[in-house]
Amino acid sequence: MVLGSVSQTHRKTPSMPSLASGSSQDAVGKKRPEQCGPRLHSSLAPTPSLRSTSSSAPPNRTKTPSKANCTKSQSMKSEVWKPPGCPGYMGHCTWMRRSESSCTVNTSSSSGGGGSGRMCTATSVPHISKSNSREVCNGTKSPCLLVALRPTNVDQEKEKFFQSNYTYNPQFQYQEPIPTGVLAKYSHASEKFIIQAIRILHAVLQKYGTYESFEVATGGTGLSKCQIWTNIRKYMLKEGCTGEIVVQLTEDLLSQAVMMVENSRPTLTINLSGARQYWLEGMLRHEIGTHYLRGVNNARQPWHTSDGRRQYGLKPANPSEEGLASLHSVLFRKNPYLWRAALLYYTVCRAAHLPFCQLFRDLQQFVADPKVRWEYCVRAKRGQKDTSQSGCFSKDQVYMDGILRLLRHRRSIDFQMLVALGKVSFEDVDRLKKYAVLDNPRIPHFLRDQERYQQQLDYIIEVNQLNDEELIALLPK
C-alpha cells in the first residue's frame, strides 16, 4: 500500500484478467455484533453464471453520434493508496460512471448555441488524459458536474456565514459558468415523498433524541487513516477486486464518498469525516459493491456505450442506480434508518422556497450541529450564486426516489439480475435479459443469498415506518 500525493501519475498495467473474478476468500475479521446486522455468507465462492446467452440484436433504432468529455476531479488535500497492480484495467477505463461526479457539463449545445448546456449520458465516462489533471480530454473546458457545482470560494463564504451568526446568505463563485440547461434540469423540487421523508426523520429523533446521538450510536467512533485503509483492504477481498481501484482519503468533498475515474483508473474518494466505525462498510457497499461492480458488468453488455443505450431503448439508470446503492448503505445494520436520504430530500424541498440562512435555521429541528447543517445547505443550494434567493439543486432527491421505487417493487425485482445487467433501470431488467452477456457476472457478496436479502429489505421498510399499501398508492406502477 502506497501513500502519496493525489497528483502522482497512476501506473498502467498491461494485463486484464476475466471480469468474472470474485473468488477471494473472506479474510475479514469478526463483525461488530450491535451495529452490524446478521452475517449473510459463511463463504465467498465464485459467483455462478446467471445465464449464458449471445447478444441478440434488438429492433433497429436510429443511432446518433455520442459526445463525451470528462475531467479529473478538483484537486484535493488527500492521501492515496495506489494498488501494486490493476487486474481489471488495461489503459482506458471507458465504463466507469458515477451519476453525479463523472457526468460532464458541455457549455455549448449540440447545435452550437450558447450556454444552454447538457449532461453526458448516464453511463458515459471516457478516457481521462494524464497530461494535466485540471484539463478535460479532447481539449475542451467542460468540467465534471461535481467540480462545476462546487463553489470555488466555499471556505471563505463559510467563514463569513459563521461569523455573521448564521444571518449572511453566501455569495458563491464557480470555476466557470454553469450551463443554464443543467440548472434548469435540477431546479424543481418534488414533494411526492416528503411525508415519508419527514416520518423517517422523526422516527430517528424519537428513538435517539438527537441526530448527534444517532450518529454516535449507529456510526460509532471516527476511524484513523490506518483503520480506514485496513477496512478497505478487507472489503476488497470480500468482493474479489483487490488491486482494481485507487483509493483516496480527503477532507475536501461535499459528499461522503464518490466513485469516479481519475487518470484512467477507477478511483474511490472518501471523505474522512464520514468514515465512521460502523458506517464505513455501508459506504463501501454503496460505492464498490454497487456502483463499481455494476459498472464492471455494464462494460460487458451491448448497451455499454451511449449509442448502445439508445439502440436498446434503455431508461435512465437513475433513480434505480442511486436507490440501490443507498439501500446497500444501510443493509444489515441493526437499525437501518434511511436518515441521510430522507434529510437530503427534505432539504431540497425547503431550499426551493427558502434563502440559505432560513434553510439553515429550518434544519435545526433535525440537526443541531451547525457544521453538518452547512454541508446539507450547500448541497441543496449548489449552482446558485446569490443564495439569498429561493431555489434548489434537486439532484439529491434521487436517493429517496430510487429507494422507495425499489422497495415498492422488491417482490418482483430480480436484484442479482439488476446488478448483472449493469447500469440499467429495474424497469428494463426483464426486457434486457435475452440480449445480455451473463456468464460469470460480478455479484456483490451481500447479494448472493437472495432470500436473506429480501428479508432485510422487509426489515428496512419496518424500521423506517413504511408500508406496502402506502407505497402502492404513491407508485401505482
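The values are calculated or read from the model by the stated rules, or taken from the named source; none is laboratory data. These numbers were taken from a predicted model, which means no experiment stands behind them. Cβ atoms come from the backbone with ideal geometry, glycine included; neighbour counts cover every protein chain shown. These accessible areas exclude ligands, DNA and RNA; they are computed on the full protein's heavy atoms, side chains included. Shrake-Rupley method; radii C 1.70, N 1.55, O 1.52, S 1.80 Å.
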How many residues of region 400-419 are open to solvent by less than 10 Å² (accessible area, probe 1.4 Å) and under 22 Å from ASN440 (Cβ atoms)? The answer is 3
Does region 221-235 contain any residue that is farther than 22 Å from LYS395 by Cβ, touching a residue at least 60 places away in the same chain (Cβ under 8 Å), aromatic (Phe, Trp, Tyr) and in a helix (DSSP H, G or I)?
yes
Breaking point among (1) free of Cβ contacts under 8 Å to residues at least 40 places away in the same chain; (2) more than 29 Å from ARG448 (Cα to Cα), for ALA257
(2)
The one condition in (1) open to solvent by 10 Å² or more (accessible area, probe 1.4 Å); (2) touching a Cys at 6+ places or on another chain (Cβ under 8 Å); (3) more than 21 Å from GLN416 (Cβ to Cβ) that SER224 fails to fulfil:
(2)
VAL378 being more than 30 Å from VAL154 (Cβ to Cβ) and not polar (S, T, N, Q)
no
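Restrict the check to region 191-214 and report whether at least one residue is part of a helix (DSSP H, G or I) and touching a strand residue (DSSP E or B) at 6+ places or on another chain (Cβ under 9 Å).
no
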All-but-one check, GLY422 against (1) at positive phi; (2) surrounded by fewer than 24 Cβ atoms within 10 Å (Cβ to Cβ); (3) small (Gly, Ala, Ser), failing number (2)
Hey, among ASP307, ASP252, which residue is of a type in the set (Asp, Glu), surrounded by fewer than 22 Cβ atoms within 10 Å (Cβ to Cβ) and under 30 Å from GLN156 (Cβ atoms)?
ASP252
Taking region 227-238 and keeping only residues that are open to solvent by 10 Å² or more (accessible area, probe 1.4 Å) and closer than 22 Å to GLU321 by Cβ, one is left with LYS238
Conditions (1) among the small types (Gly, Ala, Ser); (2) open to solvent by less than 30 Å² (accessible area, probe 1.4 Å); (3) at pLDDT 95 or above -> GLY209 fails only (2)
Considering only residues that are touching a Phe, Trp or Tyr at 6+ places or on another chain (Cβ under 6 Å), closer than 26 Å to THR180 by Cβ and either without any contact (Cβ under 8 Å) to a residue 24 or more places away in the chain or open to solvent by 20 Å² or more (accessible area, probe 1.4 Å) (or both), which ones fall in region 353-399?
LYS385
Pick out, from region 368-477, the helices (runs of 4 or more DSSP H) lying fully within it that include 2 or more residues that are farther than 30 Å from LYS185 by Cα and at pLDDT 95 or above.
415-420, 450-463, 468-474
Any idea which residue in region 212-221 is nearest to GLN365 (Cα to Cα), counting only those that are surrounded by fewer than 16 Cβ atoms within 10 Å (Cβ to Cβ) and not hydroxyl-bearing (Ser, Thr, Tyr)?
GLU212
Return the residues of region 442-458 that are closer than 15 Å to ILE413 by Cβ and either of a type in the set (A, V, I, L, M, F, W, C) or open to solvent by 10 Å² or more (accessible area, probe 1.4 Å) (or both); say none if nothing qualifies.
ILE443, LEU447, GLN450, GLU451, GLN454, GLN455, LEU457, ASP458
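Listed here are the residues, each with its yes/no results for (1) over 30 Å from LEU407 (Cα atoms); (2) buried (at least 16 other Cβ atoms within 10 Å of the Cβ); (3) modelled with pLDDT under 95.
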| site | (1), (2), (3) |
| --- | --- |
| GLY139 | yes, no, yes |
| LEU145 | no, yes, yes |
| PHE162 | yes, no, no |
| PRO170 | yes, yes, no |
| PRO179 | yes, yes, yes |
| ILE194 | no, yes, no |
| GLY240 | no, yes, yes |
| VAL246 | yes, yes, yes |
